[in-house]
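In what follows, a single structure is set out as structure tokens and then discussed.
Please treat every number below as a calculation from the coordinates, not as lab data. Values in this document were obtained by computation on a predicted structure and should not be read as measured data. Don't worry about glycine lacking a Cβ; one is built from the backbone with ideal geometry, like all the others, and counts go over all protein chains shown.
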Amino acid sequence: MKKPKPVFSVEKTVELNDGHRMPTLGYGVWQIPDADAEKCVAEALRVGYRSIDTARIYDNERGVGRAIAKSGVPREALFVTTKLWNEDQGFDGTLRAFDASLQRLALEYLDLYLIHWPSPSRGLYLESWKALVRLRKEGRVRSIGVSNFGIDHLQTIIDGTQQLPAVNQIELHPRFAQRPARQRHEAFGIVTEAWSPLGQGQEKTLGDATLVEIAAKHRRSVAQVILRWHLQHGHVVIPKSATPARIAENFAIYDFSLDDEDMKRIDGLDDDKGRIGSDPATATF
Ligand code: NAD
């Protein structure tokens with residue numbers, strides 16, 4: 001009888017530095033209009049996703065909330081993330097924005113609230129972080145974190161409150177692998193969450209010859225190989241798709257594994273100039 005190949009085990013959840021657990025694979029909803037969000041999130045929940053990543057600025061929290069309410073999935077089995085928009089930063093502004101997001105989502109508490117961007121030109125991210133600490137203390141949000149924070153931004157909020165963010169959600173995909181940031185997060189005990197984990201589905205990523213070859217070897221899609229690479233590096237991923245077949249495909253990544261050679265070859269695609277989104281250090285929005 002043929003022996004099954006060993007599968008490098010990846011946990012389906014990761015323990016955060018506050019003791020809560022977060023699914024390692026979630027469903028991102030950026031650019032899904034509110035009118036479609038209900039249908040897309042319902043499909044993701046049907047397939048088995050339990051973590052949903054939205055944001056105030058995506059303008060689809062209501063649709064996400066409708067899908068959750070109708071899903072029949074117990075609230076405690078879900079992990080819902082939303083984010084504070086830049087214009088709402090500041091202590092009081094953050095508290096108000098949190099209430100409004102929770103209301104739109106029709107939830108009593110949130111699993112993870114993130115500061116979406118440091119927006120350093122505003123000079124308000126430390127005050128905003130203090131508000132997140134308060135919301136967590138009040139039990140209105142289980143875990144708090146940040147997004148697009150560089151080392152200086154992280155150091156400022158940690159020094160200012162002695163409170164660590166549970167996650168930092170940053171742009172991260174094979175063509176922009178953010179090794180220094182990942183190492184710093186690891187040293188702090190902060191989970192790295194990858195946004196645009198598939199490089200936004202761009203041809204230069206999904207059509208990359210190395211990735212195509214590795215995918216063929218495993219009889220998997222390039223998207224599945226990339227997501228698996230993230231998981232084996234310990235990143236949380238939140239791929240987005242509005243297409244049911246892809247929503248399912250992106251979820252089927254726990255039953256195969258990449259070997260060391262595959263991992264090294266994908267690591268080799270990293271490019272300093274591979275950033276797709278804005279640079280948080282200079283973004284002025
Ligand atoms: P992504 O890397 O998840 O790529 C999504 C695109 O890839 C899709 O629109 C589709 O074109 C393609 N795709 C998806 N699955 C595929 C498959 N199986 N086969 C072929 N093509 C496929 O990009 P994203 O949406 O930018 O990022 C994911 C999530 O990250 C967002 O929805 C959002 O929740 C979050 N995000 C956060 C920030 C932030 O600043 N914090 C910024 C961008 C995105």
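Over the C-alpha trace of the stretch 160-285, radius of gyration and Dmax come out as 15.0, 49 angstrom. Multiplying each eigenvalue of the alpha-carbon gyration tensor of the stretch 6-66 by 5 and taking the square root yields semi-axes of 26, 15, 9 Å, largest first, rounded to whole angstroms.
About the Cα centre of the chain, how large is the charge dipole given +1 on each Lys and Arg Cβ and -1 on each Asp and Glu Cβ? Please answer in debye to the nearest 20.
700
With a threshold of 27 Å on the Cα-Cα distance, the over-threshold entries among LYS70/LYS137; LYS12/LYS204; LYS204/LYS240 are LYS70/LYS137; LYS12/LYS204. For the stretch 222-285, the Kirkwood radius over C-alpha pairs fed into Stokes-Einstein at 25 °C and 0.890 mPa s yields D = 178 µm² per second.
Mind checking the alpha-carbon convex hull of the stretch 110-161 and giving the volume per residue in Å³? Before the final figure, lay out each step's value.
Values: hull volume 3.5 nm³, N = 52.
Per residue, the Cα convex hull of the stretch 110-161 comes to 66 Å³.
What size of dipole, in debye to the nearest 20, comes out for the stretch 23-116 about its Cα centre when the only charges are +1 on Lys and Arg C-beta atoms and -1 on Asp and Glu C-beta atoms?
Working: 11 positive and 14 negative charges, 61 e Å.
With only Lys, Arg, Asp and Glu charged at Cβ, the dipole is about 300 debye.
Here the Debye sum runs over all C-alpha atoms of the chain as equal scatterers in vacuum, and log10 of I(q)/I(0) at q = 0.11 Å⁻¹ comes out as -0.61. Rounded to the nearest whole Hz, the Karplus-based 3J(HN,Hα) values (6.51 cos²θ - 1.76 cosθ + 1.60, θ = phi - 60°) of the stretch 20-27 follow the sequence 7, 10, 10, x, 7, 10, x, 10, with x at glycine and proline. Taking a straight Cα-Cα cut-off under 14 Å and skipping sequence neighbours fewer than 8 places away in the same chain, the aspartates and glutamates within cross-link reach of LYS83 are ASP53, ASP59, GLU61, ASP99, ASP111, GLU193.
Using only alpha carbons, the stretch 170-209 has a radius of gyration to Kirkwood radius ratio (Rg to Rh) of 1.07. So what's the gap between the Cα centers of the stretch 96-128 and the stretch 28-88, to the nearest angstrom? The stretch 96-128 and the stretch 28-88 have Cα centres spaced 15 Å from each other. Taking the DSSP beta bridges with both ends in the stretch 130-285, the antiparallel portion is around 10 percent.
Each listed q (0.09, 0.12 Å⁻¹) maps to a log10 I(q)/I(0) for the stretch 67-205 from the Debye sum over equal C-alpha point scatterers, namely -0.29, -0.51.
Once you divide the Cα radius of gyration of the stretch 1-160 by 2.2 N^0.38 Å, the number left is 1.13.
Highest mean first, how do 109-115, 255-261 rank when packing is the count of other Cβ atoms within 10 Å averaged over residues?
Details: 109-115: 23.7, 255-261: 13.6.
Per-residue Cβ counts within 10 Å, averaged per peptide and sorted highest first, yield 109-115, 255-261.
Charge dipole of the stretch 133-240 (Cα centre as origin; +1 on each Lys and Arg Cβ, -1 on each Asp and Glu Cβ, all else neutral): 360 debye, rounded to the nearest 20.
For the stretch 153-161, the Karplus equation 6.51 cos²θ - 1.76 cosθ + 1.60, evaluated at θ = phi - 60°, returns couplings of 5, 4, 4, 4, 6, 5, 5, x, 9 Hz by residue, with Gly and Pro reported as x. The length gained by stretching the chain between GLU87 and GLN183 to full extension, at 0.36 nm per residue less their Cα-Cα distance, is 31.5 nm. Dividing the summed -39500 (n - 2.57) terms of all DSSP H runs of n ≥ 4 by the residue count of the chain sets its mean residue ellipticity at 222 nm at -12000 deg cm²/dmol.
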